[in-house]
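Structure first, then comments.
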Amino acid sequence: MRPLCTSATASTVLLTAALASAQALTWDQAYERATSDLSLLSQEEKVGIVTGVRWQGGPCVGNTYAPESIPYPSLCLQDGPLSVRFANPVTVFPAGINAGATWDRELIRARGAAMSAQAKGLGVNVQLGPGLGALGKIPSAGRNWEGFSSDPYLAGIATGEAIHGMQGSGVQACAKHFILNEQEHNRETISSIADDRTMHELYLWPFYDAVKANVASVMCSYNKVNGSWACENEEILNGLLKGELGFRGYVVSDWNAQHSTVLSANTGLDMTMPGSDFNTPPGSIYWGDNLASAIASGSVPQARLDNMVTRILASWYLTGQDQDHPPVAFSSWNGGAASVNVTTAAHGDLARTIARDSIVLLKNRNQTLPLGTPASLAVIGSDAIVNPNGANACSDRGCNVGTLAQGWGSGTAEYPYLVAPLSAIQEKLAGTGTNIVTSTTDDAASGAQAAAAAETAIVFITSDSGEGYITVEGHVGDRNDLDPWHNGNALVQAVAQTNTPTIVVIHSVGAVILETILAQPNVVAIVWAGLPGQESGHALTDVLFGDVSPSGKLPYTIGKSEEDYGTAWTTALVDNFAEGLFIDYRHFDHAGIEPRYEFGFGLSYTTFQYTTLATAVNVVAGPTTGDTIVGGPEDLFAIIGTISAYIHNNGSATGAEVAQLYLGYPYSVPSTPPKQLRGFSKINLLPGESSQAIFELRRRDISYWDVVTQKWVVPTGTFQVYVGSSSRDIRLTGSFTV
Ligand code: BGC
């Protein structure tokens, strides 16, 4: 095998460039300025700052009224979590789920920084991401791909990194959607009911990271939580978010998720978007003049409006937007052509690096991959080429035609270009003499014909999902099942039955059931490439042809059947979250179900050996102490110990390993998942090289939520320590006792 270059080296230069500078001010400084502005504002101006100007009333998907008394703009709020929606040109980065699959803190931060550098250049004040709810308890749920992982720890680390990157670039991040917004069906009517411990240990967990990272805004979701709309819910807004988590930014409604004038104001909503109510009567609004009247009549205290405005102005100062923030340079409603070009070659390279390092190699019999230069290669499937009508032919990417590199809905952006797998393969093999045979439809007979004429075949299959306002091929946002679309199983079967060694590449929003495909003896390799964004083909060929070793790891579990997950979307109007803490691998472990590919799994072109587990934990059992600061109780994030291990590359290729730490809680904590991710470290190693993986434990990482005392508590007893290459490939075990 030819030597492989390191995945880290290629990105060092752009990482240095992309890493965000520190945030402009502290919260206290920002509040000081906001408070002094407050006295200059009229009541009408205050109301305007908290009220959207109505849908399509300004250039962005959300806009507020600009006051005249202070130099504060009409705020521009724009989607989304992977780029700037409706504007062009922009760089379309890999989706959140791919960022999560890299398990690479630096890359995730760099992605946030680059995305928001572009957003800032376009005049965006608030970029509506990252996505951290849906967390992904339901594998078929439509919007999981916008977020990072169905594990709260991985999602939380990624959320913190993304926000630091985004806000370091001078744009306000918006953590969304708060909270328990786990499916698209009935998202605007369903009531999600999670028990207190599940709420804290799973769904609220990554929001702690968001607040800890000083997130400027949080978007309350469409659904009800415990029977009350999320955007007028005392318990979650004033209670959890502003109370327990010490959130100092502002709560903005999801678009038309507000249902009242007074209740929403008094329970903690700070900004309404887009300012119009689509429902009854059309164009009516809850705030604006109605808020002013509610204050005049005493139903909403003046102090509440002042607090909303202070939070919003403080967030603007916090991110330095009073200093030369550019004007809005595009309109969402006329094709989005920007008057400035904010894209850079380095951002394109970064998109490629992230896409490449997120690729998860699931199967690789007899080292089929990396490919050399075969005499002939069949490239099969409609996912190998760009949609013949253009990469952006379907609005908000609401179709699955041509190669899949984003899901659909508000979390998408317009491709400046899209490198399809086939064109990248052609580019890679140009001049090598390899005969490339193609069948770029999903027709099984034609795929088989192409495969029969080649030494090796690559079959591309997809599975798509998105936001429920668009239905694609009968999928109302959420997927109807976890099978490949377009008869992908039949296509792979037909190709493999020609006896040509078959490599399957999956572009999907999440887990796909692979049993039919794995039953084909000629399927020799399987690659999950997720939703890679504009550099899709290049990232794929970097891995397929061995320029880098694959280093992505699954940020969710691939089961043998959909039923094995124990969760599915419902058409009922209440979801009781009956599975509690047991979602994804927590459920598979607890129920003793063998997954097909477990959480954290991913092969490399090299192999790694784990040695020398060391555990040093020094903590006193009991509840957190101290005041609530931004991010929760003062000592929640305190480092209380370190666990480490040596990782040795004992194979023959350079590669990166994601060493993972899981903890098993003491028996004194009832009904806890057998293993929970509590650390990871991605380490790039040359053949023969070793390095230490160090996992820092924070107090929260060994705490559980005690529903009686309403505190995070470190239990007494013995914790089991599992360090390994996946949630089931545990290489070292140990323990520590508190
Ligand atoms: C989505 C949000 C999005 C907003 C604005 C809503 O439908 O749920 O995630 O930010 O629209 O486009």
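Taking each residue as 0.36 nm, the span from residue 707 to residue 453 lengthens on full extension beyond its C-alpha to C-alpha distance by 85.0 nm. Near the amide H of residue 228, within less than 5 Å, lie no amide hydrogens of residues on another chain or at least 5 residues away, with H placed in the peptide plane. Of the GluC sites (Glu not before Pro) found in region 226-330, the ones in coil according to DSSP and having at most 15 other Cβ atoms within 10 Å of their Cβ are 234. Calculated accessible area for region 345-563 comes out at 28 Å² per residue, all protein chains present (probe 1.4 Å; ligands, DNA, RNA ignored).
DSSP beta bridges confined to region 25-318 are antiparallel in about 25 percent of cases. Annotation: the antiparallel percentage among DSSP beta bridges lying fully within the chain is about 60. Put the Cα centre of region 36-53 next to the Cα centre of region 596-642 and the gap is 44 Å. Based on DSSP H segments of at least four residues, each scored -39500 (n - 2.57), the chain has a per-residue ellipticity at 222 nm of -7000 deg cm²/dmol. Measuring how big region 17-148 is from its alpha-carbon positions, Rg and Dmax come out at 17.4, 50 Å.
With q set to 0.13, 0.16, 0.25 Å⁻¹, the log10 of I(q)/I(0) for region 82-146, from the Debye formula over equal scatterers at the Cα positions, is -0.38, -0.57, -1.13.
Against the compact-protein benchmark of 2.2 N^0.38 Å, the Cα-based radius of gyration of region 364-430 scales to 1.35. Compared with the rule-of-thumb size 2.2 N^0.38 Å for a compact globular protein, region 345-563 has a Cα radius of gyration ratio of 0.94.
Along region 649-662 the Karplus relation, 6.51 cos²θ - 1.76 cosθ + 1.60 evaluated at θ = phi - 60°, assigns HN-Hα couplings of 7, 9, x, 10, 10, 6, x, 10, 10, 9, 6, 10, 10, 10 Hz to successive residues, with x for each Gly and Pro.
Probing with 1.4 Å while keeping every protein chain in the model, the per residue accessible area of region 606-737 equals 39 Å². The eigenvalues of the Cα gyration tensor, multiplied by 5 and square-rooted, give region 25-318 an equivalent ellipsoid with semi-axes of 28, 22, 18 Å from largest to smallest. With coordinates expressed along the principal axes, the C-alpha atoms belonging to region 460-580 extend over 48, 31, 29 Å, beginning with the largest. Sequence-ordered 3J(HN,Hα) estimates for region 59-67 from the Karplus curve with 6.51, -1.76 and 1.60 and θ = phi - 60° stand at x, 9, 5, x, 9, 10, 7, 8, x Hz, glycine and proline given as x. Of the DSSP beta bridges with both residues in region 187-327, give the percent that are antiparallel, rounding to the nearest 5. So the antiparallel bridges amount to about 30 percent of the total. Each label point was placed 7 Å from the Cα along the Cα-to-Cβ direction; for residue 368 and residue 516 their separation is 1.8 nm.
Per-residue Karplus couplings for region 434-448, computed as 6.51 cos²θ - 1.76 cosθ + 1.60 with θ equal to phi - 60°, are listed in order as 5, 8, 9, 9, 10, 9, 9, 10, 9, 6, 5, 5, 6, x, 5 Hz, Gly and Pro entered as x. Over the alpha-carbon set of region 606-737, divide Rg by the Kirkwood Rh and report the Rg/Rh ratio to two decimals. We get a ratio of 1.04 for region 606-737. Considering only 59, 95, 222, whose Cα is most displaced toward the positive end of the charge dipole of the chain, charges sitting on Cβ of Lys, Arg (+1) and Asp, Glu (-1)? The one lying farthest along the dipole's positive direction is 95. Inter-part distance, region 229-254 to region 365-438, computed on C-alpha centroids, equals 43 Å. Considered as an equivalent ellipsoid built on the Cα gyration tensor, the chain has semi-axes of 41, 30, 24 Å, the largest given first. Indicate the gyration tensor shape class of region 148-187 (rounded, prolate or oblate), computed on the Cα atoms with a ≥ b ≥ c the square roots of the eigenvalues: a/c under 1.5 is rounded; otherwise a/b larger than b/c is prolate and the rest oblate. Since a/c reaches 1.5 but b/c is at least a/b, the shape of region 148-187 is classed as oblate. Per residue, the accessible area of region 16-94 comes to 40 Å², computed with a 1.4 Å probe over protein heavy atoms only.
The values are calculated or read from the model by the stated rules, or taken from the named source; none is laboratory data. Not measured: the values here are computed from a predicted model. Neighbour counts are summed over all protein chains in view; Cβ atoms, including those assigned to glycine, are modelled from backbone coordinates with ideal geometry. Accessible surface is based on the protein model in full, side chains and every heavy atom, while ligands, DNA and RNA are left aside. Shrake-Rupley method; radii C 1.70, N 1.55, O 1.52, S 1.80 Å.
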